[in-house]
Amino acid sequence: MMFEAKISLSEVMAALFTMTLILISVRIIGNMTKKHILPPGPWSLPIVGNLLQLGEHPHLSFIQMRKKYGDVFLLKLGMIPVVVVNGLDMVKQVLLRDGESFAGRPKMHSFSFFADGKSLSFSVEYGESWKLHKKIASKALRSFSKSEAKTSTCSCLLEEHVCAEASALVKMFLELSLEKGAFDPTGITTCTVANIVCALCFGKRYDYNDEEFLSMIRINADFLKATSIVNPADFIPWFRYLPIPAVKAAHGFYEVLNNFIAQRVEEHYTTYDKNHLRDITDALISISNDKGSDGKAPPLSNDKIISTVNDIFGAGFDAVSTCLFWIFLYLVNNPDIQTKIQEEIDGKIGLRSPRFDDRKDLHYTEAFISEILRHTSFIPFTIPHRATKETILNGYLIPQDTCIFVNMYQVNHDETLWENADLFRPERFLNENGELNKSLVEKVLVFGMGIRKCLGEDIACNEIFIILTTILQQLKLEKCFQDQLDLTPVYGLSMKPKPYQIQVVLRT
Ligand code: HEM
Ligand SMILES: *[C@@H]1O[C@H](CO)[C@@H](O)[C@H](O)[C@H]1NC(C)=O
């Protein structure tokens, strides 16, 4: 016989009432003992908040504000509260020690174009399914990085692609120089890097005159303007309905890029061969299939594969080319540093083509790359984070869902960490025997840390190394006039140099 509980309505009411009372008192007592207050920060105007106080270079304005308010302060960008985090210790607290509490992404207008929330980098959702997604993406990148080269001289497929593209860039530099004398190296460099990413993602390169390829690159420039970290449309909601070019550009780019990628992924499904992984798309398909075969649902849907390729494509394309723009600029501004790198290449590599493996022997060149990353800090902030739950930081209350900016630029220019931080000095990473100090290199904060760390650090560093050494092995880069070129960046999610021109001569 079934047991029947006979409880009267009044008993239920009484129980509910008592429970509510307990809950309320716990809440009140909790709040009383917590006594935590929001972080301090400057006064803000209605509607625009502190937007007008950010100036042209928010990362520098924040360094000024830090002097007054400390490492953790609160701003209003438009109507949205944003906590800015500075100082290595607080940055580590947010990204490592309390990593889980700050691993979300804010719901931002410019991010919302990416793959309807399926994006690895920008999706608002943070949870088990996102963690699995990131693990799979990271596994796919690793398994692809190890896939074998078609020719025997390269250690892997990636190296083969990068070396081929770097040699093509040297040729293009020489052609442009012959044709025009002085030229802007950024356009052709972007094509080179885009082609490496295409090879990585789709196993194929594009002709530099391919229309589809070029239109994608052109729109990319407008798109990046739209995703700069203080895109007003993100912070003043009604801005997004105004016909502002930057806001519209993001729409256009997303569509072009997404169509391009969806088509390539489609092609891969039809030609997929599990015994021969051609690229990252194949690696992702393979990992999805693996899990599918043991009865469980495949961990990545087709949409998610497309959006993962999308993420890797977008991330790998802009950051690496921007880094190279800065490298060329610093090389022509500092001819003596350029000569030192060339001497190292001549001594350690000679005339054969550079390889990933050479990185361990070229200490000065590696120090130069680290110093470029530190000194320019061309990605001044991580992608914005979001508090996944209410958290205490530096004694202040950070409510759930607060948007967090991590000021990596500040950490890389902190005088307590770096002697004469504003000086460009590759030697700071070398010991007295000219060997690279690994622990100093790791102190440079450019790829983020912890749960949200960049997936492409190794690939990016290898790419940059090969392109830099292949160019300097064969060419000498020079500026066109005697004056130093301007190093003031144009602000954005990644900061670019102002347009500049160089000329190149063949080394003899
Ligand atoms: C010099 C080149 C690069 C720099 C400086 C860079 C830097 C960064 C930074 C600062 C973040 C955000 C970290 C955070 O929000 O805390 C990030 C995220 C990311 N990067 Fe990179 N990156 C570079 C190249 C690449 C490349 C080549 C790839 C792909 C092959 C890549 C893939 C990603 C992905 C997928 C994310 C999103 C991770 C997430 O949201 O959890 N990056 N990168
Ligand atoms: C690296 O540099 C740090 C700081 O200057 C120093 O304390 C450390 O001993 C160096 N390590 C090596 C292996 O040279």
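For segment 265-307, enumerate the residues that are over 13 Å from residue 143 (Cβ atoms) and modelled with pLDDT of 85 or more.
Residues satisfying the conditions are 265, 266, 267, 268, 269, 270, 271, 272, 273.
As an exercise: evaluate residue 476 against (1) surrounded by 12 or more Cβ atoms within 10 Å (Cβ to Cβ); (2) part of a loop (DSSP other than H, G, I, E, B) and give the number of the one condition it does not meet.
Evaluating residue 476 over (1) surrounded by 12 or more Cβ atoms within 10 Å (Cβ to Cβ); (2) part of a loop (DSSP other than H, G, I, E, B) leaves (2) as the failure.
Would you mind finding the one in 396, 491 that is over 30 Å from residue 340 (Cβ atoms), surrounded by fewer than 19 Cβ atoms within 10 Å (Cβ to Cβ), of a type in the set (Ser, Thr, Tyr) and away from ligand 1 (no atom under 11 Å from the Cβ)?
Of the residues listed, the single one that is over 30 Å from residue 340 (Cβ atoms), surrounded by fewer than 19 Cβ atoms within 10 Å (Cβ to Cβ), of a type in the set (Ser, Thr, Tyr) and away from ligand 1 (no atom under 11 Å from the Cβ) is 396.
Can you say whether residue 467 is part of a helix (DSSP H, G or I), closer than 30 Å to residue 167 by Cα, away from ligand 2 (no atom under 16 Å from the Cβ) and modelled with pLDDT under 95, as far as the supplied structure shows?
Judged against the criteria, residue 467 is not a match.
Kindly check whether there is at least one residue in segment 341-362 that is crowded, with 20+ Cβ neighbours inside 10 Å, more than 16 Å from ligand 2 (Cβ to nearest atom), under 30 Å from residue 490 (Cβ atoms) and polar (S, T, N, Q).
Checking segment 341-362: not a single residue is crowded, with 20+ Cβ neighbours inside 10 Å, more than 16 Å from ligand 2 (Cβ to nearest atom), under 30 Å from residue 490 (Cβ atoms) and polar (S, T, N, Q).
For (1) under 21 Å from the mean Cα position of the chain (by Cα); (2) surrounded by 20 or more Cβ atoms within 10 Å (Cβ to Cβ), each residue gets a yes or a no:
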residue	(1), (2)
43	no, no
48	no, no
54	no, no
60	yes, no
63	no, no
68	no, no
82	yes, yes
87	yes, no
94	yes, yes
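Does segment 421-441 contain at least one residue that is touching a Ser or Thr at 6+ places or on another chain (Cβ under 9 Å) and within 16 Å of ligand 1 (Cβ to nearest atom)?
Yes: segment 421-441 contains one or more residues that are touching a Ser or Thr at 6+ places or on another chain (Cβ under 9 Å) and within 16 Å of ligand 1 (Cβ to nearest atom).
Only one of (1) more than 16 Å from ligand 1 (Cβ to nearest atom); (2) part of a helix (DSSP H, G or I) is not met by residue 354, so which one is it?
Unmet for residue 354, out of (1) more than 16 Å from ligand 1 (Cβ to nearest atom); (2) part of a helix (DSSP H, G or I): (2).
Scan 101, 25 and give me the residue that is part of a helix (DSSP H, G or I), modelled with pLDDT of 85 or more and not aliphatic (A, V, I, L, M).
That would be 101, the only listed residue that is part of a helix (DSSP H, G or I), modelled with pLDDT of 85 or more and not aliphatic (A, V, I, L, M).
Which of the residues that make up segment 151-205 are of a type in the set (Gly, Ala, Ser), part of a helix (DSSP H, G or I) and at pLDDT below 90?
Listed by number, the residues that qualify are 187, 194, 199.
The values are calculated or read from the model by the stated rules, or taken from the named source; none is laboratory data. Not measured: the values here are computed from a predicted model. Quick reminder, even Gly has a Cβ in these numbers, built from the backbone with ideal geometry, and neighbours come from all protein chains shown.
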